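Data block below; observations after.
The values are calculated or read from the model by the stated rules, or taken from the named source; none is laboratory data. None of these values were measured; they are calculated from a predicted model. Neighbour counts are summed over all protein chains in view; Cβ atoms, including those assigned to glycine, are modelled from backbone coordinates with ideal geometry.
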Amino acid sequence: MKELKSILQLYETYKNSGANAAIAQVVRLEESSYRREGARMLIFDNGTFIGGISGGCLEGDTLKRSKIAILKEEASLITYDTSKDDENQIGVGLGCNGVIDVLINPIHSESNLIQTLQNIVNQRKSHVLVTLSASTHPAFPLGTTFYYDVEKGRLEGCSDALLNKCFLEDIAIVLEKGKSKIVHHSFEVGAITAFIELIPAQFHLAIYGDNYDIYPMLDMAKVLDWEVSLVGNIQKIEKEKLLGIRQLFQKELPERPSIDDRTAVVLMAHDFKTDVNNLKILLDSPAGYIGLLGPKKRYDKILAEFKEEGIALTPFDLQRIHAPAGLEIGANSPEEIAASIFTEILSVFSGTTGGKLRTKKGPIHERE
């Protein structure tokens, strides 16, 4: 989401300058690449750009090709094959070692792409984009993008009933599996290939605490562009640290953050009774991660207290409660502990163990 926001911010800065622009996006990948499907960069014909589609090995060539697409006002698809030892191939020897399809989509007066991306960053929920990466369909050329409203269950802009039906079936699978995919459909009038992209809701971090060790947590959340809620003694916290926090809650008042399954909660009040009471309330929430600071024996004491009160933790609770919070990386300082907790949160939400990549069997990212 942070990359989308940066793209939109730069577009707003230059849109009235007379420069024309295009968005380049990775829409298909075979084997390995530094960036995955969905990676984007915004390119202006004056050479200004932001974002990335690789680790730097493809951006220069894509910049040149984007200027041609902008001039022609036509979308184009480029295939970079960096898996072969061809000295004439862009990217060979630079670490990609895969086949990458990049769609270059010029932004023109009739394009709804920028407005669609703006709607996505303005609404904290899951979104689905359907982008045609190949098409012989007369009504829908290469680069056509449809937006699927998850809440309304409607695909916007697709006037072909049969194609709409096919896409809705594809989108249902994407939402069920929680993973983007590429689809192919053939009709009497032509064939299409589409990248169905799932853009999940922005991560939400809810911190329950107000001591100095929350500051690196807030700083790291800002770097990662996570939405943040804070529960604590607001008057006690440095005012400049509160900038950018969307929701502030005074701990003595009853109001609390709105929590969903993309929320990570960290209990760091450093007060046993406060953490226990907050944990009791959070057990009724769908939070995907609940972390508690302190040693293991402190959590054992909480479990013993719960047992005495007849509070039984479900298998879901036992899975999502992490106490002590964080991965074992030898962290000591508040900054190191924050890094440990954030890496654990990311591993939990991605369904991985947080181990070393050098000991991982198979590819880093899951493949079809």
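Quick notes
- Per the conditions (1) within 26 Å of Met41 (Cβ to Cβ); (2) at pLDDT below 90, the sole criterion not satisfied by Lys152 is (1).
- Considering region 256-332, the qualifying helices (runs of 4 or more DSSP H), each wholly inside and each with 2 or more residues that are under 16 Å from Asn211 (Cβ atoms), run over 272-282.
- Scanning region 277-325 for residues that are under 34 Å from the mean Cα position of the chain (by Cα), β-branched (Val, Ile, Thr) and over 19 Å from Leu205 (Cα atoms) gives Ile302, Thr314.
- Lys297 vs. criteria among the basic types (Lys, Arg) and loosely packed, with under 14 Cβ neighbours inside 10 Å: yes
- Leading residue by the ranking (farthest from the chain's Cα centre (by Cα)) among those in region 252-263 that are touching a residue at least 24 places away in the same chain (Cβ under 8 Å) and more than 17 Å from Ser126 (Cβ to Cβ): Arg256
- Unmet requirement for Tyr212, which otherwise passes all of (1) farther than 27 Å from Glu74 by Cβ; (2) not assigned by TED's automatic domain parsing to the domain that holds Glu344: (2)
- Unique residue being assigned to a loop (DSSP other than H, G, I, E, B), farther than 18 Å from Ser350 by Cα and out of contact with any Leu (no Cβ under 8 Å at 6 or more places or on another chain) when the list is Glu240, Glu252: Glu252
- When region 116-151 is filtered for residues that are among the charged types (D, E, K, R) and either assigned to a loop (DSSP other than H, G, I, E, B) or within 23 Å of Ser76 (Cα to Cα) (or both), the ones remaining, listed by number, are Arg124, Lys125, Glu151.
- Some residue of region 180-192 being among the aliphatic types (A, V, I, L, M) and either under 26 Å from Val265 (Cβ atoms) or in contact with a Ser or Thr (Cβ under 6 Å, 6 or more places away or on another chain) (or both): yes
- Region 131-153 - residue that is free of Cβ contacts under 8 Å to residues at least 40 places away in the same chain and surrounded by 13 or more Cβ atoms within 10 Å (Cβ to Cβ) and, of those, nearest to Val27 (Cα to Cα): Thr144
- The lone criterion from (1) more than 30 Å from Ile182 (Cβ to Cβ); (2) outside the structural domain of Gly209 (by TED's automatic domain parsing) left unmet by Phe306 is number (2).
- In region 236-258, the residues that are in contact with a helix residue (DSSP H, G or I) (Cβ under 8 Å, 6 or more places away or on another chain) and crowded, with 20+ Cβ neighbours inside 10 Å: Ile237
- Candidates Ile68, Ile90 - the one that is modelled with pLDDT under 75, among the β-branched types (Val, Ile, Thr) and over 24 Å from the mean Cα position of the chain (by Cα): Ile90
- In region 201-228, the residues that are closer than 19 Å to Glu344 by Cα and polar (S, T, N, Q): Gln202
- Comparison of Leu198, Leu175 shows that the only residue that is under 24 Å from Leu346 (Cβ atoms), in contact (Cβ under 8 Å) with a residue 60 or more places away in the chain, out of contact with any Pro (no Cβ under 7 Å at 6 or more places or on another chain) and surrounded by 12 or more Cβ atoms within 10 Å (Cβ to Cβ) is Leu198.
- The number of residues in region 12-33 that are buried (at least 19 other Cβ atoms within 10 Å of the Cβ) and of a type outside the set (Val, Ile, Thr) comes to 7.
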